[in-house]
Amino acid sequence: MLDDRDLKILALLQRDADMPAHAIAEQVAMSPSACSRRIVRLREEGYVLGTVAQLDRHRLDLDTTVYVILRARHSGDWLERFRTRIGDIPEILECHRLAGNFDYLLKVVVRDVGHYDEVYKRLIATLDLTDVSAYISMETIKDEHALPLGAALRPPRPASR
């Protein structure tokens, strides 16, 4: 079970994974060695999955985000082929299986609409899709990667009757 200090450590790591343990220790009122042990434990227990650099996509000329909604005709090994195809296309950053009227939602990051068209062609080349709808993001209002750790301390809701 996570305690308040664990959550504070995780919040600090989410903001800056390069923050030295002694600086984290200062902010959570712990000794550096105790804080380092907690960070190691949090990593070993799987709370920290990895550390990545957040790149400036605009400097890299990847300015366009396209959200793609898919409907599919599932049959046989379709899902496995779909997972493989999605994994093979690096421009697809996220893929979510949905409840409701659509089957999947993709987040695709590309240079421009022409680049998206190339991704689209790779996507549909071997998959039986019944509908592919693309929505181009005009502006990013919020782009937060940090998880809302305040919710991690709340007890689970009782089952409704």
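Worth a mention:
- Crossing angle, helix 32-44 versus the chain [Cα axis fit, 0-90 degrees, rounded to tens]: 30 degrees
- Candidate values (1) 1.07; (2) 1.31; (3) 1.22 were compared with Rg/Rh (Cα atoms, Kirkwood Rh) computed on the shown model; the agreeing label is (1).
- Relative contact order of segment 59-161, pairs being alpha-carbon contacts under 8 Å that are 6 or more residues apart, as %: 39 percent
- Here the label points at residue 133 and residue 93, each 7 Å from Cα along the C-beta direction, are separated by 2.3 nm in the simple model.
- Local net charge near residue 96, Cβ-Cβ under 12 Å (Lys/Arg +1, Asp/Glu -1): 0
- Highest-first arrangement of 29-39, 101-111, 51-61, where packing means the average Cβ count within 10 Å: 101-111, 29-39, 51-61
- Paramagnetic label reach from residue 141 (point 7 Å along Cα→Cβ; backbone nitrogen cut-off under 20 Å): within segment 63-87, residues 64-69.
- Extreme residue, positive dipole direction of the chain, given options 70, 89, 138 (C-beta unit charges): 70
- Span from the segment 55-84 Cα centroid across to the segment 2-52 one, whole angstrom: 33 Å
- Dipole magnitude of the chain, debye to nearest 20 (Cβ charges: Lys/Arg +1, Asp/Glu -1, about Cα centre): 640 debye
- The chain - percent of accessible surface contributed by carbon and sulfur, probe 1.4 Å: 52 percent
- Given their separation in residues at 0.36 nm each and the Cα-Cα distance between them, residue 107 and residue 125 gain 4.6 nm when the chain is fully extended.
- Accessible area of residue 26 (1.4 Å probe, protein heavy atoms only, ligands and nucleic acids ignored): about 150 Å².
- 13 Å beta-carbon shell around residue 117, net charge (K/R +1, D/E -1): 0
- Radius 15 Å from Cβ of residue 58, net charge of other residues (Lys, Arg +1; Asp, Glu -1): -3
- Check: segment 27-83 dipole with +1 on Lys, Arg Cβ and -1 on Asp, Glu Cβ, in debye: 160 debye
- In order along segment 120-136, the Karplus-derived 3J(HN,Hα) couplings, from 6.51 cos²θ - 1.76 cosθ + 1.60 at θ = phi - 60°, round to 4, 5, 5, 5, 7, 4, 10, 10, 8, 10, 8, 7, 10, 10, 10, 10, 8 Hz, and Gly and Pro are given as x.
The values are calculated or read from the model by the stated rules, or taken from the named source; none is laboratory data. In this text, all values refer to a predicted model and were calculated from it rather than measured experimentally. Using ideal geometry, Cβ is built from the backbone for each residue, glycine included, and neighbour counts are taken over all protein chains shown. Remember, those area values only see protein heavy atoms, side chains included, never the ligands or the DNA or RNA. Shrake-Rupley method; radii C 1.70, N 1.55, O 1.52, S 1.80 Å.
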